[in-house]
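Novice: One structure is given below, represented as C-alpha coordinates, and several questions about it will come after.
The values are calculated or read from the model by the stated rules, or taken from the named source; none is laboratory data. For clarity, every value in this text was computed on a predicted model and none was experimentally measured. As a convention, Cβ positions derive from the backbone with ideal geometry for all residues, glycine included, and neighbour counts pool all protein chains shown. Accessible surface is based on the protein model in full, side chains and every heavy atom, while ligands, DNA and RNA are left aside. Shrake-Rupley method; radii C 1.70, N 1.55, O 1.52, S 1.80 Å.
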Amino acid sequence: MIKLARQICGKTGSRLTETRQHVLAVLFKLDTPVSAYKLTEHYKLLIDPPIMAMSVYRILDFLESIRLVHRLHTINKYIICHHAVGACRHQTPVFLICTSCHHIQEVEITTELVTAFSHHVENADFLYIPKIIGIARRRQMNEIP
(Lines give C-alpha, C1' and ligand atoms only; values in the text may rest on other atoms or scores of the structure.)
Protein backbone atom coordinates (compact mmCIF):
# COMPACT_ATOMS: atom_id res chain seq x y z
CA MET A 1 0.00 0.00 0.00
CA ILE A 2 2.84 2.39 0.86
CA LYS A 3 4.58 1.60 -2.44
CA LEU A 4 1.39 2.41 -4.37
CA ALA A 5 0.94 5.64 -2.39
CA ARG A 6 4.51 6.67 -3.26
CA GLN A 7 3.87 5.99 -6.95
CA ILE A 8 0.69 8.08 -6.91
CA CYS A 9 2.42 10.92 -5.08
CA GLY A 10 5.26 10.81 -7.61
CA LYS A 11 2.78 11.16 -10.47
CA THR A 12 0.89 14.02 -8.80
CA GLY A 13 3.95 15.88 -7.56
CA SER A 14 2.90 15.58 -3.91
CA ARG A 15 4.89 14.13 -1.01
CA LEU A 16 4.14 11.05 1.03
CA THR A 17 5.65 12.19 4.32
CA GLU A 18 6.55 9.77 7.07
CA THR A 19 3.48 10.83 9.08
CA ARG A 20 1.19 10.29 6.07
CA GLN A 21 2.73 6.84 5.64
CA HIS A 22 2.07 6.04 9.29
CA VAL A 23 -1.58 7.13 9.10
CA LEU A 24 -2.08 5.07 5.93
CA ALA A 25 -0.40 2.05 7.56
CA VAL A 26 -2.58 2.29 10.69
CA LEU A 27 -5.75 2.62 8.61
CA PHE A 28 -4.66 -0.35 6.48
CA LYS A 29 -3.93 -2.42 9.60
CA LEU A 30 -7.36 -1.63 11.10
CA ASP A 31 -9.09 -2.64 7.83
CA THR A 32 -12.44 -1.38 9.08
CA PRO A 33 -14.24 1.96 8.83
CA VAL A 34 -12.96 4.25 11.56
CA SER A 35 -13.49 7.84 12.62
CA ALA A 36 -10.58 10.27 12.54
CA TYR A 37 -10.56 10.36 16.35
CA LYS A 38 -10.48 6.56 16.64
CA LEU A 39 -7.69 6.49 14.06
CA THR A 40 -5.80 9.07 16.15
CA GLU A 41 -6.17 6.84 19.22
CA HIS A 42 -4.83 3.78 17.36
CA TYR A 43 -2.00 5.83 15.90
CA LYS A 44 -0.95 6.97 19.39
CA LEU A 45 -0.90 3.34 20.58
CA LEU A 46 1.30 2.17 17.70
CA ILE A 47 3.52 5.07 16.73
CA ASP A 48 5.66 7.56 18.60
CA PRO A 49 5.51 10.57 18.69
CA PRO A 50 1.75 10.99 19.06
CA ILE A 51 -0.31 12.90 16.51
CA MET A 52 -3.03 15.51 16.89
CA ALA A 53 -6.53 14.82 15.53
CA MET A 54 -6.38 17.90 13.27
CA SER A 55 -3.27 16.48 11.61
CA VAL A 56 -5.06 13.17 11.05
CA TYR A 57 -7.98 15.02 9.41
CA ARG A 58 -5.58 16.85 7.05
CA ILE A 59 -3.80 13.61 6.19
CA LEU A 60 -7.10 11.81 5.56
CA ASP A 61 -8.15 14.65 3.25
CA PHE A 62 -4.89 14.21 1.37
CA LEU A 63 -5.25 10.42 1.14
CA GLU A 64 -8.83 10.87 -0.04
CA SER A 65 -7.67 13.33 -2.71
CA ILE A 66 -5.31 10.70 -4.18
CA ARG A 67 -8.09 8.10 -3.91
CA LEU A 68 -6.43 5.72 -1.45
CA VAL A 69 -9.05 6.37 1.22
CA HIS A 70 -12.82 6.81 1.08
CA ARG A 71 -14.83 8.93 3.47
CA LEU A 72 -18.16 7.33 4.31
CA HIS A 73 -20.24 10.44 4.85
CA THR A 74 -23.31 8.57 6.11
CA ILE A 75 -21.41 7.23 9.13
CA ASN A 76 -18.59 9.81 9.20
CA LYS A 77 -15.80 7.26 8.97
CA TYR A 78 -12.87 6.50 6.71
CA ILE A 79 -11.84 3.27 5.03
CA ILE A 80 -8.97 2.11 2.83
CA CYS A 81 -9.85 1.70 -0.83
CA HIS A 82 -9.57 -1.97 -1.70
CA HIS A 83 -10.30 -1.54 -5.39
CA ALA A 84 -7.31 -2.76 -7.30
CA VAL A 85 -5.37 -2.28 -4.06
CA GLY A 86 -5.99 1.45 -4.00
CA ALA A 87 -6.16 4.32 -6.44
CA CYS A 88 -9.84 3.98 -7.25
CA ARG A 89 -10.59 4.50 -10.87
CA HIS A 90 -14.33 3.96 -10.76
CA GLN A 91 -16.44 7.08 -11.02
CA THR A 92 -18.60 6.81 -7.91
CA PRO A 93 -17.80 4.36 -5.13
CA VAL A 94 -20.90 2.65 -3.76
CA PHE A 95 -20.89 1.19 -0.28
CA LEU A 96 -23.48 -1.18 1.12
CA ILE A 97 -23.67 -0.44 4.84
CA CYS A 98 -25.59 -2.49 7.40
CA THR A 99 -27.25 -0.12 9.86
CA SER A 100 -27.20 -2.66 12.68
CA CYS A 101 -23.78 -4.37 12.55
CA HIS A 102 -21.98 -1.78 10.36
CA HIS A 103 -20.68 -4.42 7.95
CA ILE A 104 -19.55 -2.59 4.82
CA GLN A 105 -19.08 -3.85 1.31
CA GLU A 106 -17.81 -1.77 -1.61
CA VAL A 107 -19.36 -2.61 -4.97
CA GLU A 108 -18.65 -1.47 -8.50
CA ILE A 109 -21.32 0.10 -10.64
CA THR A 110 -21.08 0.79 -14.33
CA THR A 111 -20.54 4.23 -15.76
CA GLU A 112 -23.82 3.81 -17.65
CA LEU A 113 -25.71 3.34 -14.39
CA VAL A 114 -24.09 6.40 -12.86
CA THR A 115 -24.91 8.43 -15.98
CA ALA A 116 -28.54 7.28 -15.97
CA PHE A 117 -28.85 8.06 -12.28
CA SER A 118 -27.35 11.53 -12.69
CA HIS A 119 -29.82 12.27 -15.54
CA HIS A 120 -32.76 11.25 -13.32
CA VAL A 121 -31.46 13.48 -10.54
CA GLU A 122 -31.01 16.46 -12.85
CA ASN A 123 -34.41 15.90 -14.51
CA ALA A 124 -35.94 16.18 -11.03
CA ASP A 125 -34.26 19.61 -10.68
CA PHE A 126 -31.66 18.38 -8.21
CA LEU A 127 -27.91 18.80 -8.50
CA TYR A 128 -25.99 15.55 -8.84
CA ILE A 129 -22.78 15.65 -6.80
CA PRO A 130 -20.65 12.62 -7.64
CA LYS A 131 -19.30 11.68 -4.24
CA ILE A 132 -19.63 8.37 -2.44
CA ILE A 133 -23.01 6.69 -2.40
CA GLY A 134 -23.87 4.75 0.74
CA ILE A 135 -26.84 2.41 0.69
CA ALA A 136 -27.91 1.17 4.09
CA ARG A 137 -29.91 -1.88 5.02
CA ARG A 138 -30.50 -3.68 8.25
CA ARG A 139 -29.42 -7.31 7.98
CA GLN A 140 -31.24 -10.10 9.73
CA MET A 141 -29.60 -11.58 12.81
CA ASN A 142 -29.11 -14.99 11.14
CA GLU A 143 -27.23 -13.53 8.14
CA ILE A 144 -23.49 -14.03 8.09
CA PRO A 145 -21.31 -11.02 7.11
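Novice: Cβ-Cβ under 9 Å, sequence separation 6+ or interchain: first residue in the range 107-120 and hydrophobic (A, V, I, L, M, F, W, C), partner in a helix (DSSP H, G or I). Which pairs?
Specialist: 109/117
Novice: Every residue in the range 70-102 that is part of a loop (DSSP other than H, G, I, E, B), at pLDDT 75 or above and under 11 Å from the mean Cα position of the chain (by Cα), please.
Specialist: Correct list: 73, 76, 81.
Novice: For the range 19-41, give me each residue that is within 14 Å of residue 53 (Cα to Cα), open to solvent by 40 Å² or more (accessible area, probe 1.4 Å) and hydroxyl-bearing (Ser, Thr, Tyr).
Specialist: 19, 37
Novice: Across the range 53-80, what is the total count of residues that are under 27 Å from residue 11 (Cβ atoms), of a type in the set (A, V, I, L, M) and either open to solvent by 50 Å² or more (accessible area, probe 1.4 Å) or in contact with a helix residue (DSSP H, G or I) (Cβ under 9 Å, 6 or more places away or on another chain) (or both)?
Specialist: Selection size over the range 53-80: 9.
Novice: Separate question: Hey, residue 50 hits all of (1) touching a helix residue (DSSP H, G or I) at 6+ places or on another chain (Cβ under 7 Å); (2) touching a residue at least 40 places away in the same chain (Cβ under 8 Å); (3) assigned to a loop (DSSP other than H, G, I, E, B) but one; which does it fall short on?
Specialist: (2)
Novice: Another one. Using beta carbons and a limit of 6 Å, which pairs, at least six apart or on different chains, have the first residue in the range 20-47 and among the basic types (Lys, Arg) and the second one surrounded by 15 or more Cβ atoms within 10 Å (Cβ to Cβ)?
Specialist: Close Cβ pairs satisfying both conditions: 20/59.
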